[in-house]
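The values are calculated or read from the model by the stated rules, or taken from the named source; none is laboratory data. As the structure is a prediction and not an experimental result, all values here were calculated from the model. No Cβ is skipped: glycine too gets one built from the backbone with ideal geometry, and neighbour counts run over all protein chains shown. With ligands, DNA and RNA removed, areas are computed over all heavy atoms of the protein, side chains included. Shrake-Rupley method; radii C 1.70, N 1.55, O 1.52, S 1.80 Å.
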Amino acid sequence: MLGELREKARARLDPVHWDYFEGGAGAETALAENLRAFARLALLPRVLRGAGPPDLAVRLPGAPAAGPVFVAPTAFHTLAHPEGERATARAAAAADAVMVTSMAATTAVADVAAAAREVRADAAVWFQMYLQPRAGVTEALVRRAEQAGCTALVVTADSPVFGRHSRDDRNDFHRLPPGHVTQNMLGLPGAPPGRPLDIAMSPELSWADLRRLRAATGLPVWVKGVLHPADARLAADEGAAGVIVSNHGGRQLDAVPAAVEALPAVAEAVGGRIPVLLDGGVRSGADVVAALALGAAAVGVGRPVLWGLAASGEAGVAQVLAELTGQARHVLTLCGARDCRDLTPDQVVPRGPEGM
Ligand code: FNR
């Protein structure tokens, strides 16, 4: 089903926008590895455990009752569908999925959150941001997210510089077409009148900047883009609400391992002090369950949501979330588990070479 939506999305989208959504950095090794790594994993079910009907709900800082699949932050949803992030937010809210809306969204965070709340008053919308080096910009964004009713912030830390996306370079896609605007970046300190501020990435950012952010807000702060276990430990020491193991869908450093390969060491380093989430390459319920067994509290999906959105707007995103969650419920039951805490890392084994 996801494959069908992907093909429908590909057929509908401008090929340049398709490449933007689908592509990765460099030779797209990390992008491909995210999928291959899941394909190399098999699940060992437990039997006769009397688990009863499965319960998929998870409790997270900023989302007291959500499904195990969340919408990872991705930019520019109006390129996929005219209703853009509003459609995504409505589908996520209806599915009890946390929606992480991107700082580079083409809909203002207040409008994304309002769309989600029209569907469910307690829908969880989190705001993803890149810490901005220019004084006052980060703080202004935090205030907007708070005023919008977001229940957590997600700081993406894997981007000291923009990733080099080979397809976008080939297509010369470096600016949004007319009619599409990064709404969150309008009216910020230093923004030219009527035009959005460019998002800045900086290699000077450090844990001190994260500390400043934490001091400026009461919202839980997640750190996204953690791959090294030592950084996960530091994030816990620094008071982060949790970490998101992610290689940015293979769009930043191409030399990194697959996200799911980095997960076990991060989960071990954190040792349950803070929750660990994962995104990158999740395409089936078995992938969801494997990641949960390896220590993730929930998993994010990026491109599949964009496929659903491009293929048929809100209904397409709803289909993606329902399919992944339905499959996860079925696989969880087949694994003899009642909820994700019942799963253990020894239930994930390598499939061996050539699928043998
Ligand atoms: C992203 N991602 C991303 N991450 C982030 O923190 N801020 C952002 O603005 C974006 N934008 C973005 C655009 C597009 C088109 C993609 C595909 C991805 C990364 C995203 O949050 C997530 O880490 C990956 O998409 C997860 O991998 P999958 O599910 O796409 O394989």
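In region 223-356, carbon and sulfur make up what percent of the accessible area (probe 1.4 Å)?
Details: 2680 of 4690 Å².
Taking all protein chains in place, region 223-356 shows 57 percent carbon and sulfur surface.
Considering the dipole of the chain built from charges on the beta carbon (Lys and Arg +1, Asp and Glu -1) around the Cα centre, which of Leu321, Ala232, Leu188 is farthest to its positive end?
So the residue furthest toward the plus end is Leu321.
Just the number: Rg to Rh for region 80-135, Cα atoms, Kirkwood Rh, two decimals. Don't jump to the answer; show the numbers that get you there.
Working: Rg = 11.6 Å, Rh = 11.4 Å.
Ratio value, two decimals: 1.02.
Pairing the Cα long axis of helix 29-39 with the longest principal axis of the chain, what angle in degrees results, from 0 to 90 and rounded to the nearest 10?
Long axis of 29-39 versus the principal axis of the chain: about 30 degrees.
Please compute, over every Cα-Cα pair in region 1-80, the percentage with a separation greater than 15 angstrom.
On the way: 2438 of 3160 pairs.
It works out to 77 percent of all Cα pairs.
Translational D (Stokes-Einstein, µm²/s) of region 285-353 at 10 °C and 1.306 mPa s when Rh comes from the Kirkwood sum over C-alpha pairs? Present the calculation step by step, with values, prior to reporting the outcome.
Details: Rh = 12.9 Å.
Result for D is 123 µm²/s.
Under the classification rounded if a/c is under 1.5, otherwise prolate if a/b is larger than b/c and oblate if not, where does region 236-286 fall, given a ≥ b ≥ c as square roots of the Cα gyration tensor eigenvalues?
On the way: a/c = 2.04, a/b = 1.53, b/c = 1.33.
In terms of gyration-tensor shape, prolate.
Count charges around His81 for me, please; just the other residues with Cβ under 11 Å from its Cβ, Lys/Arg as +1, Asp/Glu as -1. It would help to have the intermediate numbers written out before the result.
Values: positive: Arg12, Arg86; negative: Glu83, Glu85, Glu314.
Here the count lands on -1.
In nm, to one decimal, how far is the modelled label at Ala191 from the one at Arg36, with both set 7 Å along Cα→Cβ?
The modelled label-to-label distance comes out at 4.2 nm.
Between the helical axis of 2-12 and the dominant principal axis of the chain, each derived from Cα atoms, what acute angle in degrees is found, rounded to the nearest 10?
Once rounded, the angle reads 30 degrees.
Could you work out how far the C-alpha centroid of region 75-145 sits from that of region 291-316, in angstrom?
First find each Cα centre; the distance between them is then 15 Å.
What's the Kirkwood radius of the chain in Å, using all Cα pairs?
Values: mean 1/r = 0.0493 Å⁻¹.
Every distinct Cα pair counted, the radius reaches 20.3 Å.
Specify the angular offset, from 0 to 90 degrees and rounded to the nearest 10, of the alpha carbon long axis of helix 109-119 from the longest principal axis of the alpha carbons in the chain.
Approximately 50 degrees, to the nearest 10.
Would you please give the FRET efficiency between Ala135 and Asp172, computed as 1/(1 + (r/R0)^6) with r the Cβ-Cβ distance and R0 = 30 Å, to the nearest 0.05? Could you put the intermediate results ahead of the total?
Details: r = 33 Å, r/R0 = 1.10.
Once rounded, the FRET efficiency stands at 0.35.
Using per-residue counts of other Cβ atoms within 10 Å, averaged over each peptide, order 31-38, 153-160, 165-172, 71-78 from highest down. Let's see the in-between values first.
Numbers: 31-38: 20.1, 153-160: 22.0, 165-172: 14.8, 71-78: 24.4.
Order by mean packing, descending: 71-78, 153-160, 31-38, 165-172.
Roughly speaking, what is the stretch gain from Met1 to Ala216, that is 0.36 nm per residue apart minus the C-alpha to C-alpha distance, in nm to one decimal?
Numbers: separation 215, 0.36 × 215 = 77.40 nm, distance 4.35 nm.
This chain segment gains 73.1 nm when fully extended.
Rounded to the nearest 0.05, what FRET efficiency is calculated for Arg59 and Thr333 with R0 set to 22 Å and r the Cβ-Cβ distance? Could the numbers behind the result be given before it?
Values: r = 21 Å, r/R0 = 0.95.
Calculated transfer efficiency: 0.60.
Amide H neighbours of Ala152 under 5 Å, at least 5 residues apart or on other chains, H built in the peptide plane: list them.
Sorted by chain and number, the residues that satisfy this are Phe127.
Taking a ≥ b ≥ c as the square roots of the eigenvalues of the Cα gyration tensor of region 17-143, is the shape rounded (a/c under 1.5), prolate (a/b larger than b/c) or oblate?
Numbers: a/c = 1.93, a/b = 1.26, b/c = 1.53.
It comes out oblate by the Cα gyration axes.
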